[in-house]
Amino acid sequence: MGIQFQTISWTPDRAKYEKQLCHGFSVKITNLKEINSAKTFIAVSEVLHEKFQNKLKISGMDGMLGSQEFRRAIENHEPADEIIETLKMGNVQFMKQRASILMYE
């Protein structure tokens, strides 16, 4: 897969959780050529949603990703390949709309 995840605990020395024990994971790239970043993002999103449904505000990603489709797909447990295809179709539509309003090519 080209990537490894490891659980970690730490105590931040600043920001919102300053001096509070926090838990999470670190990511180590083991083989850059093997990484499929889209599938990795989907897999991490699925795990976080499943483990932290009540605490994680996955709807906050809607604006960052440009639509609600990704969140809905994660919530509905759609396969990663289907999610990627859906996002690709949305990107094609966006590029068509974008092309019609560009001032320069």
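Some points to look at:
- Highest GNM mean-square fluctuation among GLU85, GLU18, GLU50, for the chain modelled with Cα contacts below 10 Å: GLU18.
- Centre-to-centre separation between the Cα atoms of segment 10-56 and those of segment 68-92: 20 Å.
- Charging the Cβ of each Asp and Glu at -1 and of each Lys and Arg at +1, and nothing else, the dipole of the chain about its Cα centre rounds to 380 debye.
- Rh by Kirkwood over Cα pairs, then Stokes-Einstein D for the chain at 1.567 mPa s and 4 °C, µm²/s: 79 µm²/s
- With a Förster radius of 30 Å applied to the beta-carbon distance between ASN54 and LYS96, the computed FRET efficiency rounds to 0.20.
- Projected onto their three principal axes, the Cα atoms of segment 1-54 cover extents of 38, 26, 16 Å, largest first.
Every number here is computed from the coordinates shown, using simple stated rules; none is lab data. Since the model is a prediction, treat every value here as computed from it, not as a measurement. Glycine also receives a Cβ, built like all others from the backbone with ideal geometry; neighbour counts cover every protein chain displayed.
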